[in-house]
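J.: My questions all concern the structure below.
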Protein chains: 2
Amino acid sequence: MNSPVLGPGTDPDNGKNASGAHERMMSLALAEAERAFEEGEVPVGAVIVHESRIIGKAHNQKELLRDPTAHAEILAITQAAEALGNWRLTGCRLYVTLEPCAMCAGAILQARIPHVIYGCDDPKAGAMGSVVNLIQPVRFNHRVEVVRGIMKEPCQAILKEFFATKRSSGPET
Amino acid sequence: MNSPVLGPGTDPDNGKNASGAHERMMSLALAEAERAFEEGEVPVGAVIVHESRIIGKAHNQKELLRDPTAHAEILAITQAAEALGNWRLTGCRLYVTLEPCAMCAGAILQARIPHVIYGCDDPKAGAMGSVVNLIQPVRFNHRVEVVRGIMKEPCQAILKEFFATKRSSGPET
């Protein structure tokens, strides 16, 4: 696992977007989504940052691993917990190109991640406001701050391209 | 992974409780919860059945694996998908001693599991009716039938004993 030190302007202590840190991290998440696309997976990527270091970076691998839990966020959370030697990811920020589903929003709550930054909404399965809002205060015993819409257009465009390609190549199995 | 053929009365085609099949499977899930208890983990166990065979059996290993996603259901789902070579767990039944949390309810939706049978409710984190109901029809694009309260008392008793022991041995970290 590479753990590059982030550039100047990164603010590891909270979710604020100091000098475009959010865009830099989302670019890395998007690069992960591109890898997923190349592998024939729904193109979603995620990055987890802790104290100016990337400790989790993954893309959706549901088809490759034949595992319904192998979403980008779940894989990145498991990596990050391994890196810290602790299941509590307090002090971490999770970047993901698409609004997390219920499973991933639930995992974010389980991991006590305080800051989530995502690219585009998921009107069909999003669990941070689109279909349901699992992270609204008072519902569960953990507070998550969310920033929405960082690099929304490219995060959405890669998904649209993926599904257009799938449709043109025949019916889904 | 052991894959014993289930005894008579098992109904692999749907979630009906033919001749106490639910209790037999829940007993195995409870045995998994007991293993969790012995290992110092919150005692929750899960079993997944497909066509009269157990293809997933796991207990909570969050502390051991230092992984916030290592709930019994997630581990059992990953095992079952590996056993079938497919992330779609259609035709499966998931037994779990405690009402699934949001992460696990979301994973059940992702895996397309049609039947869930659980022991006791989780008033603090349950996502199949207690805090939120993620599996209610029309919310997401998959229907889950749920049977609640199978072997409720022993499933609840082991959790109460675990937390009483934790409290008497000092404050939680």
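The values are calculated or read from the model by the stated rules, or taken from the named source; none is laboratory data. All values reported here derive from a predicted model rather than from experimental measurement. Glycine gets a Cβ as well: all are built from the backbone with ideal geometry, and neighbour counts include every protein chain shown.
J.: Scan region B:32-53 for residues that are modelled with pLDDT of 95 or more, loosely packed, with under 15 Cβ neighbours inside 10 Å and either outside any loop (DSSP other than H, G, I, E, B) or touching a Pro at 6+ places or on another chain (Cβ under 9 Å) (or both) and jot them down.
T.: The answer is B:Glu38, and nothing else.
J.: How many of the residues in region B:111-145 are among the β-branched types (Val, Ile, Thr) and closer than 10 Å to B:Glu99 by Cα?
T.: Matching residues across region B:111-145 total 2.
J.: With respect to B:Gly20, is the statement that it is within 19 Å of B:Cys104 (Cβ to Cβ), modelled with pLDDT under 95 and away from chain A (no Cβ under 11 Å) true?
T.: On the way: within 19 Å of B:Cys104 (Cβ to Cβ): no; modelled with pLDDT under 95: yes; away from chain A (no Cβ under 11 Å): yes.
So B:Gly20 fails the test.
Results for (1) in contact (Cβ under 8 Å) with a residue 12 or more places away in the chain; (2) within 13 Å of the chain's Cα centre (by Cα), shown as yes or no for each residue.
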{"position": "B:Pro43", "(1), (2)": "yes, yes"}
{"position": "B:Ile48", "(1), (2)": "yes, yes"}
{"position": "B:His59", "(1), (2)": "yes, yes"}
{"position": "B:Lys62", "(1), (2)": "yes, no"}
{"position": "B:Leu75", "(1), (2)": "yes, yes"}
{"position": "B:Gly85", "(1), (2)": "no, no"}
{"position": "B:Thr90", "(1), (2)": "yes, no"}
{"position": "B:Arg93", "(1), (2)": "yes, yes"}
{"position": "B:Leu98", "(1), (2)": "yes, yes"}
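Conditions tested, residue by residue: (1) over 20 Å from A:Phe140 (Cβ atoms); (2) touching a strand residue (DSSP E or B) at 6+ places or on another chain (Cβ under 9 Å).
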site	(1), (2)
A:His71	no, yes
A:Ala76	yes, yes
A:Glu82	yes, yes
A:Trp87	no, no
A:Cys92	no, yes
A:Ala102	no, no
A:Ala105	no, yes
A:Ile108	no, yes
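J.: A:Ala164 - would you say it is buried (at least 21 other Cβ atoms within 10 Å of the Cβ) and either among the small types (Gly, Ala, Ser) or in contact with a helix residue (DSSP H, G or I) (Cβ under 9 Å, 6 or more places away or on another chain) (or both)?
T.: Judged against the criteria, A:Ala164 is not a match.
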